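Down below is the structure, laid out as structure tokens.
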Amino acid sequence: MGWLTAMRGTARSGLSIERRRLEPAVALRGATGLALVVGVSLVTLGPTAAVSSAFGAFQAAIATFQRSWRPRPVLALASGASLAISTFLGYLVGAHSPFFLALLALWTFVAGLAWAVGPTAGIIASSNVAIMLVTVTLPTSIAAAAGHAAMIAVGGVVQAALVVLVPIRRWGAQRDALADALAAVADYARRLRHDPRAPFDPEPLMTARLAAAVTPREARRRPAELRGSRGVAERIRPVLASLADPALGVPEEGPERDRVRELLGAAASVLDAAARAIRHGQAVRVPPPAEAALRTPDTGAILTGPALRAATRLTALLGDVMETAEGTGGGSAEPLLRPTLPRLVPLALAAMRRELGRRDSPVFRHAVRVCAVAAVGYLLGKALPLGHAYWAPMAAVMVMRPDFSQTYSRAVARFGGTLVGVALATAIVQLTHPGPGLSAALAVLCAFLMYLLMRTGYAAASACVSAYVVFLLGTGGLQWTQTAPDRVLLTLLGGLLAMAAYALYPAWETPRLRTRLADWLAACGRYAAAVTDRYADPAGSAEEVRRALLDTRAARVAWQEALDRATHEPVRHRGLSRAAAEGAGEAVGHLGRIAMLMEAHVPERGAPPVPAAAEFAGALRRATERGAKAVRERRVPEWGEVARALAAWDAGAGPDRSDRVVRKGAGLLLRCLDDLSDALAPAAPPMAVTDSGPPSRRESA
């Protein structure tokens with residue numbers, strides 16, 4: 001993809017407005033907190049203090065909108081406190097001294113490294129740096145700086161208090177995550193009715209797992225219906241796949257297939273009913289036809305063997321889903337514990353320290369870029385005869401992200417939104433000539449619109465933020481003529497600097513596609529080997545299978561995200577073409593899917609072991625590790641050891657073939673590996689055909 005094509009795509013993405021579900025109550029709560037802080041500060045302490053406190057409350061409210069499973073009050077307090085510290089330290093070193101430039105470079109570098117902790121930490125850290133650039137210009141003495149920092153912290157406290165006093169959908173994010181996971185499995189069941197080999201995106205299950213992690217204190221207060229459904233949904237997914245797939249289930253047509261379709265439809269209805277109940281905190285209402293389809297005794301007369309076992313297990317798991325959704329089951333499940341905020345600090349510092357010096361790390365490269373751009377933008381802003389030197393680095397820090405497409409799309413959206421927001425705010429100021437009170441009210445209104453529309457697109461949010469800043473600075477006595485033209489030009493400068501920095505010091509995902517594919521292959525190999533080992537030792541622990549499955553999901557998501565980013569990058573492929581990536585990804589995906597089908601039929605603890613499965617599992621584990629190494633080194637992997645292990649298995653098999661399910665799955669695993677090698681094999685040039693002379697008579701005939 002060329003640069004012009006990539007630029008067009010990112011510009012279109014940045015300026016697009018998406019239709020999202022709005023949350024006016026949450027937006028109104030954030031705007032109310034901002035209005036309380038600004039109003040009290042304006043009356044008691046004056047316009048300048050009102051501007052400082054407004055920035056603190058504004059940023060604290062934004063923090064509560066981030067995608068995080070931690071309590072919203074904690075996010076608001078952390079945001080307000082960190083912004084207050086940043087502002088006070090910035091004023092101490094002097095807003096117009098070389099020491100401030102050094103502090104700015106250090107602060108932006110640390111904010112860039114914060115992306116190693118997660119997107120929520122990265123966004124909050126970047127926003128704090130951007131707002132600090134404005135707030136350090138407001139105080140006039142050390143005492144005043146301390147007062148402004150205190151007011152900023154108070155803004156965070158007020159927003160946190162409102163979240164506690166005016167709760168809106170307690171555990172709402174966790175409810176939505178769990179309901180989305182159940183709905184995704186329900187949709188999977190419906191698609192399996194028409195396509196027995198339909199793919200499944202595990203991201204909703206991964207999101208639900210993240211949402212289910214709680215601190216010990218939260219575990220005691222969590223609603224009962226949120227405690228067990230996720231685990232049951234994860235166990236249902238392989239059962240659905242094994243019931244539908246003809247390789248290990250029933251034929252593609254006939255009465256058995258009709259019965260399977262009926263069971264899949266009933267399972268989808270039950271899962272949808274459970275998802276609605278959990279999302280809205282209501283009782284589960286299962287449609288009577290679905291309940292009748294699951295309870296009919298005809299299943300045992302129609303299905304046999306693995307299909308009957310899968311159907312029986314599916315019915316039992318769906319019963320568990322309904323019990324946990326009602327809050328009457330799943331209470332004994334061990335909660336997933338996450339560290340409290342104080343214990344998270346050393347973990348976050350360790351994650352940031354791991355990124356230091358890694359030149360191939362996107363996070364480290366982002367930290368270097370944002371540090372350099374902030375310093376250069378600040379120097380250029382001071383050199384230009386425009387004033388407000390902080391606006392250029394502020395715009396750059398706000399738009400820069402660790403990947404190409406987000407940085408460029410946000411830069412375009414920031415400039416477009418700034419033009420619209422400044423134009424509208426300027427028109428309103430010209431028509432109304434507002435005083436401090438009306439300016440503060442208009443700023444709060446713009447903040448409410450930003451909270452309401454921030455998830456519909458960055459362009460809409462930028463327009464609201466631009467108008468908010470114009471009105472807020474007007475509250476402090478600055479006229480629009482002192483801010484609007486400078487802001488537009490310096491915002492353009494900051495966006496151009498951000499885009500140029502990524503072009504000069506990029507972190508392209510395209511060259512790393514082979515590494516992502518190799519990681520996914522190795523994870524799938526470990527998962528398939530762990531599942532096969534369970535057939536060799538049915539009494540063994542299932543913990544290794546569980547860990548391998550989670551690693552497989554994480555590697556798959558990393559591969560898919562890398563592939564999506566590489567699609568929009570203006571970089572030609574280096575060793576892995578688009579066709580090869582598509583074929584290889586499909587082959588590795590099938591490898592994981594076959595392992596999942598085999599997991600659904602793992603024998604009970606008392607079942608007889610299959611010794612040959614252990615030999616095959618060992619060969620598979622070693623071969624996939626070597627194959628992953630070959631993929632990284634741009635070689636075509638070979639699977640001779642796996643084929644020999646399979647041949648030895650067949651040679652030593654008994655006449656009863658009680659290992660029919662695992663043996664069939666092993667053969668399918670080898671076929672997936674061969675498909676991977678075929679996808680990675682270099683294609684012969686279209687004209688690379690040797691001339692062997694005229695055809696023989698038999699060929700002519």
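Here the spin labels are modelled as points 7 Å beyond Cα on the Cα-Cβ line, and at ARG67 and VAL345 they lie 2.8 nm apart. For the peptides 521-532, 219-230, the ranking by mean Cβ contacts within 10 Å, running from highest to lowest, is 521-532, 219-230. Counting only protein heavy atoms and a probe of 1.4 Å, the accessible surface of region 567-651 is 52% carbon and sulfur.
A straight chain from ASP564 to GLU633 at 0.36 nm per residue would run longer than the Cα-Cα distance by 22.6 nm. The Stokes-Einstein estimate for region 175-316, based on a Kirkwood radius over Cα pairs and taken at 20 °C with 1.002 mPa s viscosity, is a diffusion coefficient of 137 µm²/s. Scaled to the globular estimate 2.2 N^0.38 Å, the Cα spread of region 70-154, given as radius of gyration, is 1.08.
Normalised by 2.2 N^0.38 Å, where N is the number of residues, the C-alpha radius of gyration of the chain stands at 1.12.
The base-10 log of I(q)/I(0) for region 119-204, evaluated at q = 0.14, 0.17, 0.26 Å⁻¹, reads -0.76, -0.89, -1.20 [Debye formula, identical scatterers on Cα atoms, solvent excluded]. Shape annotation for region 431-472: C-alpha extents along the principal axes are 31, 14, 14 Å, from largest to smallest.
Solvent-accessible area per residue in region 77-166 equals 37 Å², computed with a 1.4 angstrom probe and all protein chains kept. Its DSSP H runs of at least 4 residues, each contributing -39,500 (n - 2.57), put the calculated 222 nm mean residue ellipticity of the chain at -25000 deg cm²/dmol, to the nearest 500. Structural descriptor for region 426-538: relative contact order 22 percent, calculated from alpha carbon pairs under 8 angstrom and at least 6 residues apart.
Computed on the chain, with alpha-carbon pairs under 8 angstrom and 6+ residues apart, the relative contact order is 15 percent. log₁₀ I(q)/I(0) of region 281-348 at q = 0.17, 0.22, 0.23, 0.26 Å⁻¹, via Debye over equal Cα point scatterers, no solvent, to two decimals? The computed values of log10 I(q)/I(0) come out as -0.78, -1.00, -1.04, -1.13. Take region 168-264 with all the other protein chains still there, run a 1.4 Å probe, and you get 40 Å² of accessible area per residue.
Quick check: net charge around THR418, other residues with Cβ under 14 Å of its Cβ, Lys/Arg +1 and Asp/Glu -1? It works out to a net charge of +2. In terms of its C-alpha gyration tensor, region 425-517 comes out prolate, because a/c is 1.5 or above and the ratio a/b outweighs b/c.
By how many degrees, between 0 and 90 and to the nearest 10, does the Cα long axis of helix 172-194 differ from the longest principal axis of the chain? On a 0 to 90 degree scale, this one is about 40. For region 73-193, relative contact order (Cα pairs under 8 Å, six or more residues apart, normalised by length) works out to 39 percent. In terms of its alpha-carbon gyration tensor, region 501-563 comes out prolate; a/c meets the 1.5 threshold, and the first ratio a/b outweighs b/c. Projected onto their three principal axes, the Cα atoms of region 574-675 cover extents of 50, 25, 20 Å, largest first. Enclosing the Cα atoms of region 392-460 in their convex hull gives a volume equal to 99 cubic angstrom per residue. For VAL214, the residues whose modelled amide H falls within less than 5 Å of its own, excluding neighbours fewer than 5 places apart on the same chain, are LEU336, LEU337, ARG338. Overall shape of region 380-535 was characterised from the C-alpha gyration tensor. The equivalent ellipsoid obtained from it has semi-axes of 44, 20, 10 Å, in decreasing order. So what's the angle, to the nearest 10 degrees on a 0 to 90 scale, between helix 480-504 and the longest Cα principal axis of the chain? Roughly 40 degrees between the two axes. Counting every pair of alpha carbons in region 1-145, the share spaced more than 24 Å apart comes to 45 percent.
Shape descriptor for region 10-78: Rg over Rh equals 1.10 (Cα atoms; Rh from the Kirkwood inverse mean 1/r).
The accessible surface of region 404-471, taken with every protein chain in place and a 1.4 Å probe, is 77 percent carbon and sulfur.
Computed over protein heavy atoms with a 1.4 Å probe, the carbon and sulfur contribution to the accessible area of region 1-64 reaches 65%.
What number comes out for the charge environment of ALA498, summing +1 per Lys or Arg and -1 per Asp or Glu over other residues with Cβ under 15 Å away? Charge balance in the 15 Å sphere: +4. The overall shape of region 319-456, judged from the alpha-carbon gyration tensor, is oblate: a/c is not under 1.5, and a/b is no greater than b/c. When you count the other C-beta atoms within 10 angstrom of each residue and take the mean per peptide, 291-301, 151-161, 25-35 line up highest first as 151-161, 25-35, 291-301. For region 522-642, what is the Kirkwood hydrodynamic radius in Å, using each pair of distinct C-alpha atoms? Computed over Cα pairs of region 522-642, the Kirkwood hydrodynamic radius comes out at 15.6 Å.
Between helix 611-632 and the chain there is an angle of about 40 degrees, using the helix long axis and the longest principal axis of the Cα atoms.
The values are calculated or read from the model by the stated rules, or taken from the named source; none is laboratory data. Since the model is a prediction, treat every value here as computed from it, not as a measurement. Positions of Cβ are backbone-derived with ideal geometry, glycine not excepted, and every protein chain shown enters the neighbour counts. These accessible areas exclude ligands, DNA and RNA; they are computed on the full protein's heavy atoms, side chains included. Shrake-Rupley method; radii C 1.70, N 1.55, O 1.52, S 1.80 Å.
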